[in-house]
Amino acid sequence: MIRRLYDWTIRLAEGRYAMWALAIVAFVESSFFPIPPDVLMIPMILARPSRAFIIAGLATAASVTGALLGYWIGHGLYETVGRPVLDFYHMGAQFDDFALRYNEYGVWAVLIAGVTPFPFKVITIASGVTGMNVVAFLLAALVARAARFFLVAALLWKFGPPIREFIERRLGLVFTLFCVLLVGAFLVIPLL
């Protein structure tokens, strides 16, 4: 099923409504859809590098708007919609323990999940369930999603097709390592 969704998403990137498709995919990916907008962004930017930053801006705006839907699902529709989404990603069982500690590090969770391969929708729903401050949530989502999408756009704009494989296969790992180092630094600095 995931492979069919992926192939369908790639076909959308080649169509005349690619920008609309990107906006929709970026919006729904932040709350329940399993395919990240990067799958659309990469072929769109490679086809028209001069529009790289417009594409990244659209993905960012739609993703942050979709994050509000995820927040609302968590806040008002957790049992009927949120829990099934979390169960789909095999996060339901651990979620209750996670939610108890969430708001202590919520902004960091949004920032990290927004740039790494971790399913962003889990964090948007968690933010709503735990009642995270919505302004802090939106600011963290905006910073994280803009960093991710504009970095992808900048790499493709600068290096073109040769960087595509790196982005598709390794950029998530690079972001994850960066986040681990960043969090580690913040944990070590107070000890010095």
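Every number in this text was worked out from the coordinates using simple rules, so none of it is lab data. These numbers come from a predicted model, not from an experiment. Neighbour counts run over all protein chains shown; Cβ positions are idealised from the backbone, glycine included.
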Between Asp96 and Thr65, Cβ-based FRET efficiency (R0 41 Å, step 0.05) works out to 0.90
Set Lys and Arg Cβ to +1 and Asp and Glu Cβ to -1, take the dipole of region 17-142 about its Cα centre, and tell me which of Thr124, Pro84, Ala99 lies farthest positive.
-> Thr124
Dipole magnitude of region 1-155, debye to nearest 20 (Cβ charges: Lys/Arg +1, Asp/Glu -1, about Cα centre) = 540 debye
Relative contact order (percent) for region 98-173, with alpha-carbon contacts under 8 angstrom and 6 or more residues of separation?
-> 36 percent
For Leu151 and Ala47 in the same chain, what is the full-extension length gain: residue separation times 0.36 nm, less their Cα-Cα distance, in nm?
-> 35.7 nm
Using per-residue counts of other Cβ atoms within 10 Å, averaged over each peptide, order 39-49, 101-111 from highest down.
-> 39-49, 101-111
